[in-house]
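The values are calculated or read from the model by the stated rules, or taken from the named source; none is laboratory data. Since the model is a prediction, treat every value here as computed from it, not as a measurement. Don't worry about glycine lacking a Cβ; one is built from the backbone with ideal geometry, like all the others, and counts go over all protein chains shown. Calculation scope for accessible area: heavy atoms of the full protein, side chains included, ligands and nucleic acids excluded. Shrake-Rupley method; radii C 1.70, N 1.55, O 1.52, S 1.80 Å.
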Amino acid sequence: MTQQMRPSLDDPRVAIPADSTWYEPAPIPQTERQAEFLTLREGEMFVNMGPQHPSTHGVLRVIIKVNGEKVVDLDPVLGYLHRGVEKLCENADYHQAICYTDPLEYVASLFCEAAPVAAFEKLMDVDVPRRAQYIRVLTMELNRIASHTLFQGWMALDLGGITPILWAFIERDEIVDMLAALTGQKLLYNYYRIGGVNGDLNHEFMSRLGTWMSRAAAQIDSNLALINENEIFVRRTRGLGVLDAKTALKMGVTGPNLRASGVPYDLRRDRPYLVYPELEFDVPTRDEGDSLARYLVRMDEIKQSIRIIDQVLHEMPDGPVMAKLPRLLRPRPGRAFGAVEGPRGVYGTYAISDGTDQPFRMRIHDPSFVHLQLVGPLTKGNLIADTMAVMASLDPVMGGVDK
Amino acid sequence: MDRRLAALLTEKFGERLLTPVRQRYDESEIRVALANATDTLRTLHDDPALRFEMLIDLCGVDTGEEMQVVYHLSSSTSGDWLRVIVPGLDRTAPRIASATFMWPGAEWMEREAYDMFGIIFEGNRDLRRIYMPDDYRSFPLRKDFYLADDASRSPAAGVRNMERAGTPADATAATVLRKSPGV
């Protein structure tokens, strides 16, 4: 039995047409930009990354145009996790809409709930009891710490370090278990309600929180010592993917990525919501705008979050945790935009009411979606491996990007 | 609520505003006609007294009768967020000028609005589908797009003939749109 040998791709005598780097027929360009992207110059080729790639933090496909080892251009392909949440919310009532938004950002889902709840409360003119506001701040800051510690582990993992993510998960698990004791869920909490929160703080949550707070600062410092001064980590991130303040504003960047570029914009201070005006905290910024700065800003934010939690625990008043509201909510026709400062930037929800018990239109704005646009501009001219470093430092979560 | 901002906006734009400035909580809202949209955004961005330099969000809205494009802007001089509503886009062929000349970051948000509503943003260099596959024909967030559960109510009518998957034989009533002309 003879088997015909297929020509090896390594054989220099074999001519490979440029479009053979596609495993499917090359797409027909639909736009000017796509036509530009699909045009290969001398020495360039396409490399496909994803959709299932550990560095894409979810299901993302990136088509990278490379020249040798250098990235010339890239084109992210989204939509693998698209569930049509906005459409589902239009067909659900106001309470149901909140739990649809939970799985958007599965690592910081309390923020995804907080934005629509804020918008709905504006639509309905609800006054949230002060204790509920404090509980929201407390749980959100805990969730922020969980998200940032996980970011730290992910970022190190994308740069080739295995250990930090194991350490990060220790911290995250503590917080997640704590929130599970409070909300009944480990990941998708569905805890905030229009007009308050679902259930007061319980004993198990408080005892876990107390134990964790007594050693949190020291534990997080030791986590930071693990990679902050690691030479490989610093050399691979310093000066990489520099984003200046002007470009950041033009690109609609918010959150830690913007603050790492030197713009001290934080909704908690600049457009205060809940009880943040009464709490004392700093807004950490950096001027470098590179991947290392984006990492360090987040690490500084963890410390500020611990500071906020400490104040919240001291100042939390007694009282009800839910406002008195009818079961069926029919807000007057109107429009409202609710926004919160999440671990990745501004989470916003733009809700339109037409007087029925379902939102007429519910727009969900997710910061990761905007930040993912930057991966292309920031990685041009760098090595392929640095794409992951830049993407990790921007910290997109695909659940939120794809909605 | 920033009263000063309302006065300033009324003074700057005058009769260009379709309705008086509305304010509620920490949001101000203005409506401008399609023809003035680009100029208004440029003034809001460049004017030293306004300086709305951050585009927080851009989205499309289908009211069932017309399309709207809504911008949310944030300023470094005012505590309020500004919502700019551009109403009156034709539902059958919605077109508006792109905001990418000023905020390149609007590119993907406009792609999303195109993908979900079919709004054409003139001047966007990369206006193609972003979530749905390239060969998808419908615009899912339009009010005449029914979810699978609601399909029995729908005579399968899309917006354009291309989208018409075929009218089922037992379809009797015309599509009942959930319309909200008031919002």
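Before moving on, here are some points about what is shown:
- Anisotropy class of the range B:1-57 from Cα gyration tensor, a/c 1.5 cut: rounded
- Net dipole in debye of the range B:3-160 [+1 Lys, Arg Cβ; -1 Asp, Glu Cβ; about Cα centre; nearest 20]: 220
- Point-to-point label distance, A:Asp125-B:Asp47, nm (Cα→Cβ direction, 7 Å offset): 3.0
- Residues A:Tyr80, A:Tyr94, ordered by accessible area of protein heavy atoms at a 1.4 angstrom probe radius and largest first, appear as A:Tyr80, A:Tyr94.
- Cα gyration tensor, the range A:223-280 - rounded (a/c under 1.5), prolate or oblate: oblate
- Computed about its Cα centre, the charge dipole of the range A:265-327 is approximately 420 debye, with only Lys, Arg, Asp and Glu carrying charge at their Cβ.
- Per-residue SASA remark: A:Arg335, around 20 Å² accessible (1.4 Å probe; ligands, DNA and RNA not included).
- Degrees, to the nearest 10: A:109-124 long Cα axis against longest axis of chain A: 50
- Note on B:Tyr25: accessible area is roughly 90 Å² with a 1.4 Å probe, heavy atoms of protein only.
- Projecting the Cα atoms of B:Ala93, B:Phe52, B:Thr10 onto the dipole axis of the range B:3-160, where Lys and Arg carry +1 and Asp and Glu carry -1 at the beta carbon, places B:Thr10 farthest toward the positive end.
- Area accessible to solvent at A:Arg83, 1.4 Å probe radius, in Å²: 100
- For chain A, the longest principal axis of the alpha carbon atoms and the long axis of helix A:163-183 meet at an angle near 30°.
- Highest-first arrangement of A:303-312, A:392-401, where packing means the average Cβ count within 10 Å: A:392-401, A:303-312
- Distance between the range A:210-241 and the range B:82-147 - C-alpha centres, whole angstrom: 42
- Under 23 Å from A:Lys65, Cα to Cα: lysines that are on another chain or at least 8 residues apart: A:Lys380
- For chain A, size of Cβ-based charge dipole, Lys and Arg +1, Asp and Glu -1, in debye: 620
- Whichever lysines have a C-alpha closer than 25 Å to that of B:Lys12, once near sequence neighbours (fewer than 8 apart) are set aside: A:Lys250
- Considering only B:Ser76, A:Gly161, B:Met1, the residue lying farthest towards the positive end of the dipole of the protein assembly as shown is B:Met1, judged by Cα position with unit charges set on Cβ.
- Calculated FRET efficiency for the pair A:Val242/A:Val77, C-beta based, R₀ 22 Å, to 0.05: 0.30
- Inter-chain shielding of B:64-71 (mean C-beta neighbours from other protein chains, 10 Å cut-off): 1
- Other protein chain Cβ atoms within 10 Å, averaged over every residue that makes up A:357-363: 5
- Number of partner chain Cβ atoms within 10 Å, mean per residue of A:88-101: 1
- Degrees separating the helix A:203-227 axis from the principal Cα axis of chain A, which is the longest one: 30
- Cα gyration tensor category, rounded, prolate or oblate, for the range A:113-225 with a/c compared to 1.5: prolate
- Inter-part distance where the range A:30-68 and the range B:18-72 are each reduced to a Cα centre, Å: 35
- Distance between the C-alpha centres of the range A:76-117 and the range A:313-328: 24 Å, rounded to the whole angstrom.
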